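Contents: one structure, followed by commentary.
Values quoted throughout were computed directly from the atomic coordinates according to the rules given, and no laboratory measurement underlies them. Since we're looking at a predicted model, the values are computed, not measured. Quick reminder, even Gly has a Cβ in these numbers, built from the backbone with ideal geometry, and neighbours come from all protein chains shown.
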């Protein structure tokens, strides 16, 4: 399954899972779907049979509220069965509303509270260097999340340490829970901010798989940020760029229309 | 109350860490510009690639610790306790405890050890804050020997832990042969009239109070509760059953601290008259020695408190 096919299947699974569970952050899930599809298909060295294989690449989805996108992608890559995916958010499920490491092997660290992924990813990249490992560290953050100061502590230190083994992908959909990031607490110019902290920065279309692959796999002497310009709710016309779809659940009719739209895409 | 044989517990902490790091290259130290105050100078000299100084950034420091643990290392994250625990509390909860990351959080210079620097620099809330977090072991060594034992245990135990490392010098009160075990208290002095339960470097003060009381014929048991989480409930219950009163002694806030932890066990099992001594409020501007007196933690004052509870 190539990354485009995987992204289409992930979008279908997101709609199915959230409709079945009756909750989930649907707009955020659809926003990072292409990023995760490219990571799992063409970037990460993982083994679903050994989710804690010491030499695996590390991925942290720091925007833990996009858990359904992560679980759906993990399902298509052999970490979960479809039956288990449908247990999302049910009592005693391993698939908590936010990813929990102790519940589900393959989750590297608990996320959900924002601003946690980047510092942990920096520790991983420092650790890989100390033990002379070849594995790489990837962290996907939201954009609104970058308003948390802990990220900038981590970004500053990663730049200082020249952590070339670290890649951050920012899901730059320009919407936070209730409003536009630029109206709330503006982030632009985001690439210049990272560059000023000693990172290589690239801005790309976060739904263009070729662009994602090229940007994420590019190597350099510095930590790298890929600012992936995305559309919240991508693939479903009535959800796109609508703050209300941050965590709204579609009705039966909306579900049918949404499923038809994401299945027809490309 | 001073003594010639008193030791700053940061010394045995740092010496033990260096010794263990020499044998196990998974051991790394993380700090927040606190190489000096955490006594990590020798560690830095011997293992420069394993000393990660993130600068003055505690949230990142704890997150980095969790990431290092994920990479298979054993990080000892060292910082002044008020900033480690207060500033990075959510990282301790989510990245370390909830994620079950093998991180050793080392809260240096806790209590009111910073004296005149004031309440911003006092770490009196740390035990109460951390005791509410599931899965985090909390260790408050009483002296240099127990600090050494606690560091050895922490390096071996594959679980998140908080070690509270005092800078206020105290003489050794524990046995050099003791191995630290979580959930096991030590009875340092026998007695069946009343009980003092203490943790940290005020254990020494509790022992002095017990001596004063013993001279009056009041046989006072002294328990060193270095393991706050898990607490040694059996030892507390025995004290409640066998003696007439319990007074707890700590250099921290008793609400949620040692006092609260002991009271939880007592109330649920064998109610007995109690009093909880500790730092009840933000401190006035005063030296460390004056603050012990201010908070009723002098040996005579501890003895007075015990007499008062018995007279109730």
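Quick one: angle between helix A:149-161 and the longest Cα principal axis of chain A, in degrees between 0 and 90, rounded to 10, please.
The angle comes out near 40 degrees.
Could you calculate the FRET efficiency of residue A:5 with residue A:52 from 1/(1 + (r/R0)^6), where r is the beta carbon distance between them and R0 is 22 Å, rounded to 0.05? Could you put the intermediate results ahead of the total?
Details: r = 28 Å, r/R0 = 1.27.
The formula returns an efficiency of 0.20 here.
What ranking of B:117, B:68 emerges when the number of other C-beta atoms within 10 Å of each C-beta is taken as an exposure proxy, fewest first? Spell out each step's value before the answer.
Numbers: B:117 12, B:68 31.
Listing B:117, B:68 from fewest to most nearby Cβ atoms yields B:117, B:68.
Give, in nm to one decimal, the length gained when the segment between residue A:134 and residue A:257 is fully stretched (0.36 nm per residue of separation minus the Cα-Cα distance).
Numbers: separation 123, 0.36 × 123 = 44.28 nm, distance 4.48 nm.
Net length gain for the segment: 39.8 nm.
Please list the radius of gyration and Dmax for the range B:207-275, considering alpha-carbon atoms only, with Å as the unit.
Both quantities, over Cα of the range B:207-275: 12.0, 35 Å.
Working from the pairwise distances between different alpha carbons, so that the mean of 1/r is found and then inverted, what is the range A:3-264's Kirkwood radius in Å? Don't jump to the answer; show the numbers that get you there.
Numbers: mean 1/r = 0.0550 Å⁻¹.
Roughly 18.2 Å, rounded to one decimal.
Once R0 is set to 56 Å, what does the formula 1/(1 + (r/R0)^6) return for the Cβ-Cβ distance between residue A:184 and residue B:269, expressed as a FRET efficiency to the nearest 0.05?
Details: r = 52 Å, r/R0 = 0.92.
Taking R0 as 56 Å, the efficiency between residue A:184 and residue B:269 is 0.60.
Rounded if a/c is under 1.5, else prolate if a/b is larger than b/c, else oblate: which is the range B:105-153, with a ≥ b ≥ c the root eigenvalues of its Cα gyration tensor? List each step's numbers first, then the result.
Values: a/c = 3.05, a/b = 1.26, b/c = 2.41.
Oblate is the answer for the range B:105-153, as a/c is 1.5 or above yet b/c matches or exceeds a/b.
Compute the acute angle (0 to 90°) between the alpha-carbon long axis of helix B:10-23 and the principal axis of greatest extent of the alpha-carbon atoms of chain B; round to the nearest 10°.
Helix B:10-23 and the main axis of chain B meet at about 40 degrees.
Hey, got the average number of other protein chain Cβ atoms within 10 angstrom for residues in B:71-80?
Values: counts 14, 6, 6, 0, 3, 0, 1, 0, 0, 0.
Counting other chains' Cβ atoms within 10 Å and averaging over B:71-80 gives 3.
Nearest-5 percent of antiparallel DSSP beta bridges in the range B:178-304? Don't jump to the answer; show the numbers that get you there.
Numbers: 3 of 16 bridges.
Antiparallel: roughly 20 percent of the beta bridges in the range B:178-304.
Under 18 Å from a point 7 Å along the Cα-to-Cβ line of residue A:192: which residues of the range A:151-183 have their amide N that close?
Hits in the range A:151-183 for residue A:192 at 18 Å: A:182-183.
Using the beta-carbon distance between residue B:56 and residue B:287 and R0 = 30 Å, what value does 1/(1 + (r/R0)^6) give for FRET efficiency, to the nearest 0.05?
Values: r = 26 Å, r/R0 = 0.88.
Computed FRET efficiency for residue B:56 and residue B:287 comes out at 0.70.
What is the Cα centroid distance between the range B:199-220 and the range B:10-36, reported in whole angstrom?
34
Please determine, in degrees from 0 to 90 and to the nearest 10, the orientation of helix B:203-215 with respect to the longest principal axis defined by the Cα atoms of chain B, where the helix direction is its Cα long axis.
Between helix and principal axis, roughly 20 degrees.
Can you give me the distance in nm between label points at residue B:255 and residue B:219, each placed 7 Å from the Cα along the Cα-to-Cβ direction?
So the two model labels end up 3.8 nm from each other.
Given 25 °C and 0.890 mPa s, how large is the Stokes-Einstein diffusion coefficient of the range B:186-311 in µm²/s, with Rh as the Kirkwood radius over Cα pairs? Don't jump to the answer; show the numbers that get you there.
Numbers: Rh = 14.1 Å.
Calculated translational D: 173 µm²/s.
Describe numerically, in nm with one decimal, the distance between label points set 7 Å from Cα along Cα→Cβ at residue B:90 and at residue A:241.
Between residue B:90 and residue A:241, the label points sit 3.0 nm apart.
Could you list B:39, A:157 so that the one with the fewest beta carbons within 10 Å of its beta carbon is first and the one with the most is last? Write out the running numbers ahead of the final one.
Working: B:39 23, A:157 27.
So the ranking, lowest neighbour count to highest, is B:39, A:157.
At 7 Å along the Cα-to-beta-carbon direction for both residue A:45 and residue B:119, put a label point, then send me their distance in nm to one decimal.
5.5
What ranking, highest mean first, results for peptides B:90-97, A:143-150, A:117-124, A:1-8 when packing means the other Cβ atoms within 10 Å averaged over each residue?
Peptide ranking by packing, descending: A:117-124, B:90-97, A:143-150, A:1-8.
Run through all the Cα pairs of the protein assembly as shown and give the fraction in each 20 Å bin from 0, expressed as whole percent.
21, 45, 27, 7, 0
Any idea what the relative contact order of the range B:10-165 is, in percent, if you count C-alpha pairs under 8 Å spaced at least 6 apart?
Working: 288 pairs, mean separation 38.1, N = 156.
That works out to 24 percent.
Given the rule -39500 (n - 2.57) for each run of at least 4 DSSP H residues, summed and divided by the residues of the protein assembly as shown, what is its mean residue ellipticity at 222 nm, to the nearest 500 deg cm²/dmol? Please list the in-between numbers first.
On the way: 21 runs with 220 residues, N = 578.
Theoretical 222 nm ellipticity from helices: -11500 deg cm²/dmol.
In bins 10 Å wide, starting from 0, what share of all Cα pairs of the range B:10-165 does each bin hold, as a percent?
Spelled out bin by bin, the range B:10-165 gives 12, 47, 36, 5, 0 percent.
For chain B, what is the Kirkwood estimate of the hydrodynamic radius, computed as the reciprocal of the mean inverse distance between distinct Cα atoms, to one decimal in Å?
Details: mean 1/r = 0.0519 Å⁻¹.
Result for chain B stands at 19.3 Å.
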